[in-house]
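Okay, so here's the structure we're looking at.
The values are calculated or read from the model by the stated rules, or taken from the named source; none is laboratory data. Fair warning: this is a prediction, and the values are worked out from it, not measured in the lab. All Cβ positions, even for glycine, are placed from backbone atoms using ideal geometry, and neighbour counts span all protein chains on display. In case anyone asks, the SASA skips ligands and DNA or RNA and just uses the protein heavy atoms, side chains included. Shrake-Rupley method; radii C 1.70, N 1.55, O 1.52, S 1.80 Å.
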Amino acid sequence: MIVAKDVDKIYPNGCHALKEVSLTVNRGEVVVVVGPSGSGKSTFLRTLNQLETTSGGSIRIDGVCLQDPKTDINQIRAEVGMVFQSFNLFPHKTALENVMLAPMKVLKKSRDEAEQKGKELMLKVGLSERMHSFPSQLSGGQQQRVAIARALAMMPMIMLFDEPTSALDPEMVGEVLDVMQSLAKEGMTMVVVTHEMGFAREVADRVVFMEDGELVVEDTPENFFNNP
Ligand code: ADP
Ligand code: ADP
């Protein structure tokens, strides 16, 4: 599903953020990326949907090479959903409207179709009761669940999560991780940057450890956590 090979990233300021990072993620796998701050986790995640270009190496998503100039990057971004630390919902739209927006604008769905899909997704993330609330009326955990529903509304084949619970109060972390865990159980292919080791232990098929721009360890959670 994802085949990253020798990916290099040098930022314009000279920062060498990724050094020959290679990773394969199969369909339905959950890979958790851990490592110290500044080790390149976020940069790597962003290269997977080309929010960040690469300086070397190649990335294939479902067989399509992102470095091929003929590849439609907007298509890739539609197929690779992303959830960030900050939720970035539109403040003047309700939760449901936030989720309906992309299907209408990008997938050209009718309002009725988008609304039906939106309601389905609000149910999935446990927010049926709050779908007409505005973001400011929702807790951080609820807003992040709306952000997950919004990403799912594009019917992605891969979901990327960049520290999705880092901005949340501790009591709200669990509700977001639960939604992610149920997605994983349904067979979604996921790459997750997180400091939540419980999630890595229980949900990950593999854990990768990054350090100074390099992917230094790749193992099962059992081995990763038992052989320090
Ligand atoms: P992590 O997610 O592991 O904290 P990042 O991918 O955010 O790591 O950052 C990796 C390195 O790249 C860091 O040294 C960071 O300062 C640098 N970096 C990140 N984004 C940029 C940018 N836009 N321009 C220049 N350097 C950057
Ligand atoms: P994270 O680790 O969650 O990515 P950071 O604090 O490393 O958070 O980065 C926050 C933002 O600042 C990101 O958009 C990143 O690209 C940018 N950034 C990080 N380091 C640099 C840098 N040295 N120069 C320019 N932009 C940077």
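Some values worked out for this structure:
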| quantity | calculated |
| --- | --- |
| Residues (away from ligand 1 (no atom under 16 Å from the Cβ), out of contact with any Ser or Thr (no Cβ under 6 Å at 6 or more places or on another chain) and closer than 20 Å to Leu183 by Cα) located in segment 80-97 | Val80, Gly81, Phe87, Leu96 |
| Filtered residue count, segment 7-32, keeping only those that are under 19 Å from Met157 (Cβ atoms) and within 12 Å of ligand 1 (Cβ to nearest atom) | 0 |
| Among (1) free of Cβ contacts under 8 Å to residues at least 12 places away in the same chain; (2) within 10 Å of ligand 1 (Cβ to nearest atom); (3) within 17 Å of Asp6 (Cβ to Cβ), the one test that Gly40 misses | (1) |
| Residue identified as closer than 16 Å to Val83 by Cα and at pLDDT 95 or above among Leu123, Leu160 | Leu160 |
| Test: residue in segment 58-79 that is more than 9 Å from ligand 1 (Cβ to nearest atom), in contact with a strand residue (DSSP E or B) (Cβ under 9 Å, 6 or more places away or on another chain), in a loop (DSSP other than H, G, I, E, B) and among the hydroxyl-bearing types (Ser, Thr, Tyr) | yes |
| Subset of segment 183-219 that is open to solvent by 50 Å² or more (accessible area, probe 1.4 Å) and not charged (D, E, K, R) - its residue that is nearest to Val21 (Cα to Cα) | Val216 |
| Residue that is farthest from ligand 2 (Cβ to nearest atom) [pool: residues in segment 42-65 that are under 21 Å from Met157 (Cα atoms) and crowded, with 21+ Cβ neighbours inside 10 Å] | Ile61 |
| Qualifying positions in segment 96-123 - surrounded by fewer than 18 Cβ atoms within 10 Å (Cβ to Cβ) and assigned to a loop (DSSP other than H, G, I, E, B) | Val106, Leu107, Lys108, Ser110 |
| Pairs, first within 12 Å of Glu214 (Cα to Cα) in segment 1-26, second modelled with pLDDT under 95 and buried (at least 16 other Cβ atoms within 10 Å of the Cβ), C-beta under 6 Å, six or more apart | none |
| Meets criteria (surrounded by 17 or more Cβ atoms within 10 Å (Cβ to Cβ) and in contact with a Leu (Cβ under 8 Å, 6 or more places away or on another chain)) for Ala149 | yes |
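Residue-wise test of (1) surrounded by 13 or more Cβ atoms within 10 Å (Cβ to Cβ); (2) of a type in the set (D, E, K, R); (3) within 13 Å of ligand 2 (Cβ to nearest atom); (4) under 18 Å from the mean Cα position of the chain (by Cα).
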residue	(1), (2), (3), (4)
Met1	yes, no, no, yes
Asp8	yes, yes, no, no
Asn13	no, no, yes, no
Ala17	yes, no, yes, no
Val25	yes, no, no, yes
Glu29	yes, yes, no, yes
Val32	yes, no, no, yes
